[in-house]
1. Please work out which residue is nearest to the chain's Cα centre (by Cα), limiting yourself to region 158-212 and to residues that are farther than 15 Å from residue 146 by Cα and of a type in the set (Ser, Thr, Tyr).
2. Looking at (1) assigned to a loop (DSSP other than H, G, I, E, B); (2) open to solvent by 30 Å² or more (accessible area, probe 1.4 Å); (3) at pLDDT below 95; (4) not aromatic (Phe, Trp, Tyr), which is the one condition that is false for residue 106?
3. Please identify the pairs in which a residue from region 152-173 that is within 13 Å of residue 130 (Cβ to Cβ) has its Cβ atom under 6 Å from the Cβ atom of a residue that is among the polar types (S, T, N, Q) and open to solvent by 20 Å² or more (accessible area, probe 1.4 Å), counting only partners at least 6 apart or on another chain.
4. Determine, yes or no, whether residue 97 is of a type in the set (D, E, K, R), touching a Ser or Thr at 6+ places or on another chain (Cβ under 9 Å) and within 22 Å of residue 199 (Cβ to Cβ).
5. Taking region 86-99, which residues are over 18 Å from the mean Cα position of the chain (by Cα) and farther than 15 Å from residue 132 by Cα?
6. Considering only region 178-191, how many residues are modelled with pLDDT of 95 or more and surrounded by 17 or more Cβ atoms within 10 Å (Cβ to Cβ)?
7. Among the helices (runs of 4 or more DSSP H) contained in region 1-97, which hold 3 or more residues that are open to solvent by 30 Å² or more (accessible area, probe 1.4 Å) and free of Cβ contacts under 8 Å to residues at least 24 places away in the same chain?
8. For residue 174, state whether it is at pLDDT 95 or above, assigned to a loop (DSSP other than H, G, I, E, B) and open to solvent by less than 70 Å² (accessible area, probe 1.4 Å).
Amino acid sequence: MSEFSTLTEAVTNGDATAAVAAARTALDTGAEPIRLVSEGLSPAMTKVGRLFEEGDCFVPELLMAARANKAVFEILRPLLARTGTKPVGRVVLGTVKGDMHDIGKNLVGALLEGGGFEVVDLGVDVPTARFVATVEAQKPQLLGLSALLTTTLPAMKTTLEALRSAGLRERVKVMVGGAPVSESHSQAIGADGYADNAATAVDLARRLIGREPRPAAGG
């Protein structure tokens, strides 16, 4: 059994209070913050993502696990920065202009953060110019574009075209997702990848930046 099994179980169950308590106990006994991420949070979010993908848990459970994960990260983030721990990669996420939906984007962000990525979340209804400015300023390895409305799909293409015009397209991998998005749409607009759910988005992100996906936790 893992040293951080209590933390993993609490996050998997979506119990933020228990997760924070387990994290504080581990830190108080001298555990390194990065180990809480790699051996506690990441296995939990990987497991929840797999269960969601297999239909054994649903959006409410995934949201609860994401909130528990986020609560622990609020504690760990400054500690990780202080120790100079490098994230797997930096990802900028946002829902495109005209679309106010954020559940899917938030789930992707939580799973990515649980997988060791630094996530810059721009929120919803993000103008093309803001995506471009953030890519230029933050220099992420990945840009994730989300849309839930068919009417906002053109904003994905507009954003990719704006990145090309700004000379930034070759610097960042772009992945897209959302209910009306498809693999064929992704290819048509020139994106680098498409994920059909939050769980597969993490594996896609790792592939796009040349990191192998983490094996799923058993149980």
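1. Here the residue is 184.
2. Answer for residue 106: the failing condition is (1).
3. Qualifying pairs under 6 Å: 158/128; 159/128; 162/128.
4. Answer is no for this residue.
5. Listed by number, the residues that qualify are 98, 99.
6. Selection size over region 178-191: 5.
7. Numbers: elements: 5-12, 16-28, 33-36, 42-53, 59-82.
Output list reads 16-28, 59-82.
8. No.
The values are calculated or read from the model by the stated rules, or taken from the named source; none is laboratory data. Just so it is clear, the structure is predicted and the values come from calculations on it, not from any experiment. In this analysis, Cβ positions are derived from the backbone assuming ideal geometry, glycine residues included, and neighbour counts consider all displayed protein chains. Side chains are part of the model used for accessible areas, which takes the heavy atoms of the whole protein and leaves out ligands, DNA and RNA. Shrake-Rupley method; radii C 1.70, N 1.55, O 1.52, S 1.80 Å.
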